[in-house]
1. Looking at (1) touching a helix residue (DSSP H, G or I) at 6+ places or on another chain (Cβ under 7 Å); (2) farther than 30 Å from residue A:126 by Cα; (3) surrounded by fewer than 22 Cβ atoms within 10 Å (Cβ to Cβ), which is the only condition residue A:41 fails?
2. Is there a residue in the range B:214-227 that is free of Cβ contacts under 8 Å to residues at least 24 places away in the same chain, over 30 Å from residue B:19 (Cα atoms) and not assigned by TED's automatic domain parsing to the domain that holds residue B:32?
3. Check residue B:286 against each of (1) more than 14 Å from chain A (Cβ to nearest Cβ); (2) in a helix (DSSP H, G or I); (3) surrounded by 15 or more Cβ atoms within 10 Å (Cβ to Cβ) and name the one condition it does not meet.
4. Determine which single condition residue A:168 fails, assuming it passes every other condition in (1) part of a helix (DSSP H, G or I); (2) at pLDDT 95 or above.
5. Out of the residues in the range B:139-170 meeting the condition of being buried (at least 19 other Cβ atoms within 10 Å of the Cβ) and assigned to a loop (DSSP other than H, G, I, E, B), tell me which one is farthest from the chain's Cα centre (by Cα).
6. Tell me which of these residue A:211 doesn't satisfy, since it passes every other one: (1) under 26 Å from residue A:146 (Cα atoms); (2) in a loop (DSSP other than H, G, I, E, B).
7. Could you count how many residues in the range A:113-124 are more than 14 Å from residue A:86 (Cα to Cα), within 14 Å of another protein chain (Cβ to nearest Cβ) and part of a helix (DSSP H, G or I)?
8. Mind checking which residues of the range B:251-265 are surrounded by 14 or more Cβ atoms within 10 Å (Cβ to Cβ) and closer than 19 Å to residue B:224 by Cα?
């Protein structure tokens, strides 16, 4: 396990809920190596969203150690966390979260803008990414002119545009029909074959099964499932 | 990054056209009224100052009432006044009324003024036809006169110069016509409406005609107006000696000090009006703040997304500040154009020269940018501090 890109040790997250403390994550351990395709499977309320937020550096753990690309997360201020998100994490959301007034191309360029790339470089990179997800014909379309599957492809192109360490997908097929969902899963496999590390959060057993490794989360506790699915 | 923020801000303003326009309207009105007020006030006062410049500047009017023992000033004292440094000349100023007669037509109670050549030397614009007095005219036996336009129009049809006019029973040769509208505000203030008939004769003739034995009023002309104050001090010294330091024996009216007073009043007035107009800018600023707050809550989700994609708090803050500044600068620019337009029309209506004030424009633009920074600051800060998790979840 020398090529660990992510390691969590005894991660605990507690929230104050109406004066009462509630522990959402109760000591989670997780290591992910480069090139893995891993599904975090759990029902709603299991703490998987909280886990995703912590993995994605949107939130920091109450206690425990989280190391992402040799950086211990939790000591940084907002600005540094933003930079880590930009460089290490590629978010893919259930509801795509595209900017509705911007073209597909501009949406893919968005993280590159914050990364300080030049306009030329951005366009070149975004075009390349959209080609990769099979949307070369629709670069100048706005999200409302695209189907759900196409919108998710734009979102995936956006997520990989900065070449992040981890692709973090939250129910990526949740808003899509089965057939489109399967196409998106196929795209994930292609990306994984190219060497990208993917962490997918889902409640759907069938979707989870398509990952190479499944961890189950239930009531704040993470459990490795035996057997590797290919 | 800055260019991108600018572009994103512009897109957002464009996408909410109506709302942006209404928000910017507050700034438009504020800036337009500041510019219009300042331009018009400055135009009015500079045209007033211009009238002063015609005659008022460089002239010190002295009323030497004298004492019971000694009334008026003597020729020797006038010579003393003339020899003060920076003084080009002194003209006695005698006035009264008398009858004039031309071809059997008699006009009673016509204003008769007595002046000397210095008066006309320093009021070149006054004579519209013919000439003013010369030193030769000042001998007591020289019976020449200068009539005003009203006398010319009433008593002479056509050429008056070279003709004779009977003033107080004695014939005077008409050598010049002087303008009715002695344009200076000073003269209007001291002599009233100048459309009545008036004639001017050498002051010595006027003294004997009007039966006055003393010169109680003189006008001192100064070359260098920056020396006015020291000239006034010298006049005071001479008159104090002449009247034995008696109080209230004379009164000196200095146009320059009146001018200074008016300038002070003008700048006070400008400041006051600009201050009032600034209130509307303040209201406009609050409008901007309101729109930015609405914009932040509307775009909570977008802000959350941007943060998740790696936008730093500072970058988010900058975008919203730029949007606020852009909005108020846009309002400011429209305001400048409208303000200039309004003041241009106003200047035409009240018949003064239109001179756009650079100060006013700079104030308007500077003010609107400041409004953007000040009132965009709080909403932008709020946006930058949004928690991305909550923001992404919001609908």
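1. The number of the failed condition is (3).
2. Taking the range B:214-227 as the starting set, the residues that turn out to be free of Cβ contacts under 8 Å to residues at least 24 places away in the same chain are B:226.
In the following step, the residues that additionally are over 30 Å from residue B:19 (Cα atoms) were identified as B:226.
Checking which are not assigned by TED's automatic domain parsing to the domain that holds residue B:32 leaves us with B:226.
Within the range B:214-227, one or more residues are free of Cβ contacts under 8 Å to residues at least 24 places away in the same chain, over 30 Å from residue B:19 (Cα atoms) and not assigned by TED's automatic domain parsing to the domain that holds residue B:32.
3. Every listed condition holds for residue B:286 apart from (3).
4. Going through the list (1) part of a helix (DSSP H, G or I); (2) at pLDDT 95 or above, residue A:168 breaks only (1).
5. Looking at the filtered set, the residue picked out is B:168.
6. Of (1) under 26 Å from residue A:146 (Cα atoms); (2) in a loop (DSSP other than H, G, I, E, B), only one is false for residue A:211: (1).
7. Of all residues in the range A:113-124, those more than 14 Å from residue A:86 (Cα to Cα) come to A:118-124.
From what's left, within 14 Å of another protein chain (Cβ to nearest Cβ): A:118-123.
Now drop any that are not part of a helix (DSSP H, G or I), which leaves A:119-123.
Residues that pass the stated criteria total 5.
8. If the condition is that a residue be surrounded by 14 or more Cβ atoms within 10 Å (Cβ to Cβ) and closer than 19 Å to residue B:224 by Cα, then B:252, B:253, B:254, B:255, B:256, B:257, B:258, B:259 are the ones that fit.
The values are calculated or read from the model by the stated rules, or taken from the named source; none is laboratory data. As the structure is a computational prediction, the values presented were derived from the model and not from experiment. Glycine also receives a Cβ, built like all others from the backbone with ideal geometry; neighbour counts cover every protein chain displayed.
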